[in-house]
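The values are calculated or read from the model by the stated rules, or taken from the named source; none is laboratory data. Predicted, not measured: the structure shown is a model, and the values here were computed from it. Glycine gets a Cβ as well: all are built from the backbone with ideal geometry, and neighbour counts include every protein chain shown. Please note that ligands, DNA and RNA were not included when accessible areas were found on the heavy atoms of the full protein model with its side chains. Shrake-Rupley method; radii C 1.70, N 1.55, O 1.52, S 1.80 Å.
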Amino acid sequence: MSRIRVSLLLTFAFAFALSALSVATARASVEGYGELGHFGSAGTGAGQFKLTGPTTNGTNGTRAFGVDTSENAVYVGDEPKAKEYRIQKLTAGGVFVAATPIFKPPNRDGIEGVAFDPVLKRLYVLALERRSVSLENDPSKAAAGTLYAFSTEAVGEVLPAAAGTVEGVLTGPTTFGSQSDALESALIDPKGIAVDPTTHEVIVTGEVDEGEEARSFALQRVDASTGALGERYVDRGSQLRQESELNSPVVSPGGAVYVEQREKTEGDLAQIVRIPSDFTSQQAPTPFIPFILKGGLESETNAVVEFANGSGGESLESGGGLSLSPEADGKATLYAEARAFFKPSGTEFGNSYTAALAFSDLDDSEGFELGWTGGQSRQTTESCAIGASGAVSPMVAGGSQGTVFILDSRFAHVVEFGPGGSGCPTAEAGALTASVGGAPLSGTIPAGTEVTLATSLTRANALSVEWSFGEGKAKPQIVSADEYQHTQVIHTFEEGGELTVTETIHTDNLATPTIVKTIGISVSTNHLPPVAVAGGPLSIAVGQPGIFDGSASWDPNGVPGSSPIASYHWDFGDGSSASSTTPEVEHAYAQAGVYAVKLTVVDGFGLESEASKIEVTAEVPNPAAPPTSATPGSVVGPPSPSALTEQPPAPTTGKASSSQSSVVPDARLSGASLKVATNGRVPLVITCPGGASGCVGVVTLQTLGPVAVAQLGDSHKRSTKAVLTLAKGSFALAGGQ
């Protein structure tokens, strides 16, 4: 399964039009996305919320918030008086509709989660029960206590108890075994509830005690008609067992069960996993949205939004971190509370804000991100803001028609986000840049040039990018890889003209779902042929190979690296030739004479240069004088000129010829010593007498005598002695130089 970046949300609010992502959004909106409004305040009146969190005495407080998507009604659970609870129903705009009667569960220890069954028109809420201090196993722990069922159809301003229940109690502590001391009986530390739409069962998430300080995750089904406990799934063997905790269950229209997993030791790690729908299965949970590491705020390379339920990387202790909204196509959108990280340019640290994310394609092999919203704090703005630093982390609930709600527990209000909203942080993109070989592009480039195009984003990640290169034959290119805040594509321009490159960035910031950037590229098809420059020895001993070098050849088209010399073709003038993709070749002449050497080169466009010519004299060398020796860093005495220069007779015209008998000029080394540098180079200064028209020759540096040479035989190493040639170089000087 591929790793999926988390910076996402409610993409269905606008159109991506990307076949590569299979995102076809019929409800595309050009209105933008942001806050539609917020409502509620602290208090105990109708439409007010008294929200409580974990206390020092261990009370869990209220964690009950959700949306019935069949009518987009918002439900908020609170605690008007200590350990007395209610659930209020409001419209999507925050108008109070009705509330449940006050309910007082036995040994009450807070409420944990609400869930809806639109078919049965029921609202479920789980009340926790504090276990007795006298129990041997898990004393004073919260356990699943009483499961309530109320009607979602108001009678006046009251949500009555569901039919078939007594005061709304579907099942109680006795059925749940809340005070049982038997191992694996009670569901300890419940963290959310959900309804399976395929069976209408209620699913409660918690843990079971296996003894010896070992616990396993457990999900318990509850029959909606009788309240009897159904199948229980226990994760007994997977890696999740001891390393992390599960919370916030949701169930897709097809019956797939998802929960959030949080690392116990690493609060920054979170993922969404799928639970086997058959609760009798021994199969381990499987990742749906894999682990994502929340980056440090000092890094500019982090994703803008990352999946990290809870505030500040703390381990989530309750449900409400996930929500699921069924869609018309039979699939659903999964929402998660997350964190947005913004680092202003030029600053050392950034800020972290609460945000909501969405993932789509549930029931498939893996989800893909859709986008995110939120990302501001109410301390600094009233719009699109969530105060996330209270005692209770915000809870997220998916609505219908692309809306999502977040309960801000610190300020006791609900914020609604959706199409047509405003006030949220907008994304920006820097200038679209073009470069060739790492250097900024300037001027006209020849066709066939490879150009790198790139853009940087702020307050958004690139979900995908569409590139249009302005060429009639070149098809648009879609990059759907995870590029975070830096987009890039490499394109070779084959058509000439004044072209306009258009980059359409589909971001994960719903306030700015699309950003378009352009840049002009001038492409010429009038290529100039390359220029060949032949190099090599002007004089060479017969039978001894010389190095011929074409590395000075060049391409006049003016774009470094865009059209390198592709091949070198040598004609050595003696009837032989050579072709190579590298500039240097070796060649030896069998007979003395003056040879016309020609070099032609071919560039990357297939254009051939004119020939570059040099004349090379091949001659029979004079008998060698006693060789000199040198080692790196050493100084050697002055060798005799005859030992250093194998000189042909120098004609008065300055050209050497084996058939001429002019007096050989006395070319001499200017210095009395040679020093070999540690890199092996031997610099020489040679002078040609002023009375001569020119001097040519070859300098050879050899060891003074035979030295041991190690050779590798067929089966063992053997050593011989030989005079070694350490260096050889030719020279050609005019008289007096």
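Here are a few things to note about the model shown:
- Some residue of the range 92-107 being part of a loop (DSSP other than H, G, I, E, B), over 24 Å from GLU416 (Cα atoms) and open to solvent by less than 30 Å² (accessible area, probe 1.4 Å): yes
- Unique residue being at pLDDT below 75, over 22 Å from GLY321 (Cα atoms), open to solvent by 50 Å² or more (accessible area, probe 1.4 Å) and not in a strand (DSSP E or B) when the list is GLU266, GLU298: GLU298
- Scan of the range 127-167 for residues that are outside any loop (DSSP other than H, G, I, E, B) and closer than 16 Å to VAL114 by Cβ, ordered by number: ALA127, LEU128, ALA144, GLY145, THR146, LEU147, TYR148, ALA149, PHE150, SER151, ALA161
- Test result for HIS491, open to solvent by less than 30 Å² (accessible area, probe 1.4 Å) and over 30 Å from GLY330 (Cα atoms): yes
- Within the range 110-126, being surrounded by fewer than 22 Cβ atoms within 10 Å (Cβ to Cβ) and assigned to a strand (DSSP E or B) holds for one residue alone: ASP117.
- The set of residues from the range 132-147 being touching a Pro at 6+ places or on another chain (Cβ under 8 Å) and open to solvent by less than 10 Å² (accessible area, probe 1.4 Å) comprises ALA142, ALA143, ALA144, GLY145, THR146.
- Within the range 172-198, being open to solvent by less than 30 Å² (accessible area, probe 1.4 Å), part of a loop (DSSP other than H, G, I, E, B), out of contact with any helix residue (DSSP H, G or I) (no Cβ under 7 Å at 6 or more places or on another chain) and under 29 Å from GLY254 (Cβ atoms) holds for PRO190, LYS191, GLY192, ASP196.
- Highlighted here are the strands (runs of 3 or more DSSP E) found entirely within the range 494-608 that include at least 2 residues which are within 30 Å of GLY729 (Cα to Cα) and open to solvent by 40 Å² or more (accessible area, probe 1.4 Å): 546-549, 565-571, 577-580, 584-587, 593-603.
- Hits in the range 148-171 - residues which are closer than 20 Å to VAL74 by Cβ and surrounded by fewer than 21 Cβ atoms within 10 Å (Cβ to Cβ): SER151, GLU153, ALA154, VAL155, GLY156, GLU157, VAL158, PRO160
- Of the residues making up the range 333-380, those that are hydrophobic (A, V, I, L, M, F, W, C) and at pLDDT 85 or above are LEU334, ALA336, ALA355, ALA356, LEU357, TRP372.
- The range 199-239, residues that are assigned to a strand (DSSP E or B), in contact (Cβ under 8 Å) with a residue 60 or more places away in the chain and of a type in the set (Ser, Thr, Tyr): THR205
- Residues that are of a type in the set (A, V, I, L, M, F, W, C) and over 34 Å from the mean Cα position of the chain (by Cα), drawn from the range 198-240: VAL202, ILE203, VAL204, VAL208, ALA214, ALA218, LEU219, VAL222, ALA224, ALA228, LEU229, VAL234
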